[in-house]
Amino acid sequence: MAQLNEGIKEGSELERLIKEKLKLMDSVDDVFLDDIKQTQNAILRRVNGLLSKFDVEGGRLVNSETNRTLLIQLRKDVRAIVRKSSYSSKIDAYLRNFDTITELTEKIHLEGNDLKLSKVSINPLKQEAIDNVVKGLSAPDSIDIGFEKYIRDTVFNAVTLNQGYNETRQQLKDLIAGTPQKHGQLERWVGQIARDAINQYDGQINAQIAVEYELNAYRYVGSLVKDSRPQCVRWVGKQVLKFDELQSEIDWAKNKKNGRGFNDATTVQNFAIYRGGYNCRHAAIPFRLVEKT
């Protein structure tokens, strides 16, 4: 096994492979974007059409029988549009990313750790991840949880509280189609499922490799942005996190005076899966650290 005792060398094949994988993991939801935007626009048109039929008094929505009936119709129409949308046809293209992630992981550990990984231990993890993401993206119940409920609740609250008609239209536009600063709700929901599935699969592989091959450190890799979490800034700066120091680092991140957005369920054993917290874009790659004497 290769004896590594320092960070990733700039310009090395290992650096290239890691950057390629991180770039892929950061853009896995791109395959859905055009179709999702079309779906969001179709929903917005239908919602605006229904909203124009709502009872309004003094520029405000009222809690009338007509409006309660239209709320039920709105829910049905949103579900129908989402289920007929073409974004679901892109799931197969998205799933191919799991094969690419697997191949890149194998190359990274061959290059960085001189390990030839066993597909016997990896394939069950991949199949489970694929099954979960397909269920999350295509199951009818997930539509209600992930998107339709937000629209229904917005209109229901507007009717109940006699909110202004124009104000409600703007809220729905921002929610459904998004703003220049924020994606629409369906786009964010699908994107989060797609990214989380890939990131967790990659983390599960790395966690298993760490145990199976008795590795003793993680390389914490990925770029930093303006709003990167404090723990990610700290760990990217450290580059190397030794397993025997990992618990103290986790404790540091769990302390609200230090970390932010950290998953309190994180342990030494599942660190590669949860990393810096919810929707973290970094990766923890295990390797064998040989201490310099």
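The values are calculated or read from the model by the stated rules, or taken from the named source; none is laboratory data. Model, not experiment: these values are computed from the prediction. Cβ: placed from backbone, ideal geometry, glycine included. Neighbour counts: every protein chain shown.
Points worth noting:
- Test: residue in the stretch 8-15 that is hydrophobic (A, V, I, L, M, F, W, C), surrounded by 13 or more Cβ atoms within 10 Å (Cβ to Cβ), more than 18 Å from A93 (Cβ to Cβ) and modelled with pLDDT under 95: yes
- Apart from one condition, K135 fits all of (1) in contact with a Gly (Cβ under 9 Å, 6 or more places away or on another chain); (2) closer than 24 Å to M25 by Cβ; the exception is (1).
- Checked against the criteria, N162 counts as part of a loop (DSSP other than H, G, I, E, B) and in contact with a strand residue (DSSP E or B) (Cβ under 6 Å, 6 or more places away or on another chain).
- Conditions (1) hydrophobic (A, V, I, L, M, F, W, C); (2) closer than 19 Å to D202 by Cβ; (3) not in a helix (DSSP H, G or I); number of the one not met by F54: (2)
- Residue-level check: of (1) within 30 Å of R281 (Cα to Cα); (2) touching a strand residue (DSSP E or B) at 6+ places or on another chain (Cβ under 6 Å), R60 misses just (1).
- The set of residues in the stretch 165-185 being surrounded by 15 or more Cβ atoms within 10 Å (Cβ to Cβ) and not in a helix (DSSP H, G or I) consists of G178, H183, G184.
- Meets criteria (within 20 Å of R195 (Cα to Cα) and in a helix (DSSP H, G or I)) for R96: yes
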